[in-house]
Amino acid sequence: MTIRELSKKTKFKPSVLIDIERKKRVPSKRHRKAIAKALGTSPELLDFETDPVKSRETRMKEEGKLSSMSAAIHTIKTNYKRGDKGTIMCPECEGKLNFIVQEYDGHIWATCETEGCLSWMG
């Protein structure tokens with residue numbers, strides 16, 4: 001069902017439904033009931049974000065990690081070539097980021113020694 005169709009069934013503005021979908025707005029009980037009815041399910045079965053501040057903080061944290069990962073990739077690509085491996089300072093936690101630049105495709109695999117910090121393959 002499209003947002004437009006859901007909007008017609010629930011009588012809510014599409015912008016409200018889009019904000020709920022993108023977890024920028026916590027739906028009220030009225031929203032939950034109307035959306036569930038339009039979708040033919042129970043409000044309890046719908047997965048709504050209950051804490052928009054937490055989700056915003058989570059998104060900011062993920063964006064920060066993505067920015068740190070981009071900085072590490074730039075440093076590695078600037079200073080190393082295919083087949084190289086080594087350790088640089090992790091831009092996220094300032095710990096040790098171990099990496100290898102794959103010889104056959106140039107992809108960078110890296111893992112920070114700090115648990116839960118940066119780690120990627122590709």
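The values are calculated or read from the model by the stated rules, or taken from the named source; none is laboratory data. These numbers come from a predicted model, not from an experiment. Ideal geometry is used to build each Cβ from the backbone, glycine not excepted, and the neighbour counts take in all protein chains shown.
Does at least one position in the range 95-109 carry a residue that is within 30 Å of Lys24 (Cα to Cα) and touching a strand residue (DSSP E or B) at 6+ places or on another chain (Cβ under 7 Å)?
no
Restricting to the range 110-122, and then to whatever is small (Gly, Ala, Ser) and in contact with a strand residue (DSSP E or B) (Cβ under 8 Å, 6 or more places away or on another chain), can you tell me which residue is farthest from Ile88 (Cα to Cα)? Walk me through how you get there before you give the answer.
Just the residues of the range 110-122 that are small (Gly, Ala, Ser), to begin with: 110, 116, 119, 122.
Adding the requirement that they be in contact with a strand residue (DSSP E or B) (Cβ under 8 Å, 6 or more places away or on another chain) leaves 110, 119, 122.
Details: Ala110: 10, Ser119: 13, Gly122: 18 Å.
Going through the qualifying residues, I end up with Gly122.
Take Ala72 and decide whether it is modelled with pLDDT of 85 or more, part of a helix (DSSP H, G or I) and in contact with a Cys (Cβ under 9 Å, 6 or more places away or on another chain).
yes
Do you know which residues across the range 22-45 are within 27 Å of the chain's Cα centre (by Cα), surrounded by fewer than 16 Cβ atoms within 10 Å (Cβ to Cβ) and part of a loop (DSSP other than H, G, I, E, B)?
Arg22, Lys24, Ser28
Mind telling me which of the residues Glu94, Glu62 ends up being loosely packed, with under 12 Cβ neighbours inside 10 Å, assigned to a helix (DSSP H, G or I) and among the acidic types (Asp, Glu)?
Matching residue, one of Glu94, Glu62: Glu62.
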